[in-house]
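Below is one structure; the comments refer to it alone.
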Amino acid sequence: MEGRTSIAAAPELNATVRVRGMSQAHRFFDVQTFTSRVTEDYIVVLLGESVELDAELHVTNLRSQIGGTYRTAWTSPYFDEGTYRVGLELLDPEGEIWGVEELPGAAEDAGPLPPTLLACRRCSGKVSAEVPEAEPGALIAGFLISRHCDTCKATTAWAFCAEEAPSPPAESEATEVAHEAAPAPRPTGPTRENREKGRAPIKLGIKITRSKYGMATHDVGETINVSRSGAYFATSHSYEPGEIVEVILPYQPDGLQIPVKARVIRQDDVPGTYQKRVAIHLLVGPVPAP
């Protein structure tokens, strides 16, 4: 990637794309999702399917309606269990996939990147190297990347290898006694960490269409966080749990608008304001009767 903007240096960009290919379980999939970063040669997309390294996927930018064939360069678990962040390298474009406005001018090679410890899954050899084709948040346990191994003399899968953390200093006898005398109380309900599991704090435009009293009404706002199967957004309108709505996510006024059905799960009030927070669950297949 010498002389090109790396994914690690590129700013976030949420563009709606269509991705088609074969999953690791040998199932064909055809999904609409969004990118998290885009450069001329690499993109990062979010998928609900596990894919093999070096697998070829077809990606279409739904704004330009132009696509191309990409190679799976790396994969990494995402916030939502069962979803993946996937780094794709462009192999065969069918035209100008990304417009100038979708390729923000990030600084090229903006300084050295911190080295990442990787382990070859074939020979177990380890190297410490920069990974400019991966966004920093993807470098976690479960990260896999395809790269050349000098020992194996072949391109192999390499895994993120977390260095062992130093052992905490030994506690004094008095501290240990204090811990035994005053155990931490157990939580009586779901913790905030559990509630937030699977949600990515990504702000995207969202458009909600509702049918009230025989008339269509629209609500345009911004998400607070999103997951593979839903979203949580801010609004000044009141919603009813169980209500079926149509959602465009991410929403761009001049972009392609493909609505999907969703059910309102809950509405939270914001004390001292007229603002509300609404959680929706995206529906797949026929809409169940309310």
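Screening 92, 30 for residues that are closer than 25 Å to residue 204 by Cα, assigned to a strand (DSSP E or B), outside the structural domain of residue 256 (by TED's automatic domain parsing) and of a type in the set (Asp, Glu) leaves exactly one candidate, 30.
For the stretch 35-57, filtered to residues that are assigned to a loop (DSSP other than H, G, I, E, B) and not aliphatic (A, V, I, L, M), the residue that is nearest to residue 202 (Cα to Cα) is 48.
Per-residue answers, yes or no, for (1) among the hydroxyl-bearing types (Ser, Thr, Tyr); (2) more than 16 Å from residue 258 (Cβ to Cβ); (3) in contact (Cβ under 8 Å) with a residue 60 or more places away in the chain:
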{"position": "31", "(1), (2), (3)": "no, no, no"}
{"position": "42", "(1), (2), (3)": "yes, yes, yes"}
{"position": "50", "(1), (2), (3)": "yes, yes, no"}
{"position": "54", "(1), (2), (3)": "no, yes, yes"}
{"position": "58", "(1), (2), (3)": "no, yes, no"}
{"position": "68", "(1), (2), (3)": "no, yes, no"}
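Looking across the stretch 151-173 at every residue that is charged (D, E, K, R) and at pLDDT 50 or above, the one that is nearest to residue 137 (Cα to Cα) is identified as 163. With respect to (1) at pLDDT below 85; (2) at positive phi, the lone exception for residue 9 is condition (2). Under the condition of being touching an Asp or Glu at 6+ places or on another chain (Cβ under 8 Å) and modelled with pLDDT under 85, the residues counted in the stretch 92-106 number 1. Taking residue 142 as the residue in question, decide whether it is in contact with a Pro (Cβ under 6 Å, 6 or more places away or on another chain), at pLDDT below 95 and not basic (Lys, Arg). The answer is yes for residue 142. Considered as a group, the residues in the stretch 122-159 that are part of a strand (DSSP E or B) and over 28 Å from the mean Cα position of the chain (by Cα) include one that is surrounded by the fewest Cβ atoms within 10 Å (Cβ to Cβ), and that residue is 154. Listed by position, the strands (runs of 3 or more DSSP E) enclosed by the stretch 217-290 that each have at least 3 residues that are exposed (fewer than 14 other Cβ atoms within 10 Å of the Cβ) and touching a strand residue (DSSP E or B) at 6+ places or on another chain (Cβ under 9 Å) are 260-269. The test for being buried (at least 17 other Cβ atoms within 10 Å of the Cβ) and either modelled with pLDDT of 85 or more or over 17 Å from residue 33 (Cβ atoms) (or both) holds for residue 210. For residue 60, the stated conditions do not hold, so it cannot be described as in a strand (DSSP E or B), over 24 Å from residue 206 (Cα atoms), modelled with pLDDT of 90 or more and hydroxyl-bearing (Ser, Thr, Tyr).
Just one of the listed residues (80, 109) is more than 18 Å from the chain's Cα centre (by Cα) and at pLDDT below 95, namely 109.
So, of the residues in the stretch 12-27 that are part of a strand (DSSP E or B) and closer than 21 Å to residue 230 by Cβ, which turns out to be modelled with the lowest pLDDT? Among them, the one singled out is 12.
The values are calculated or read from the model by the stated rules, or taken from the named source; none is laboratory data. Keep in mind it's a predicted model, so treat the numbers as computed, not measured. All Cβ positions, even for glycine, are placed from backbone atoms using ideal geometry, and neighbour counts span all protein chains on display.
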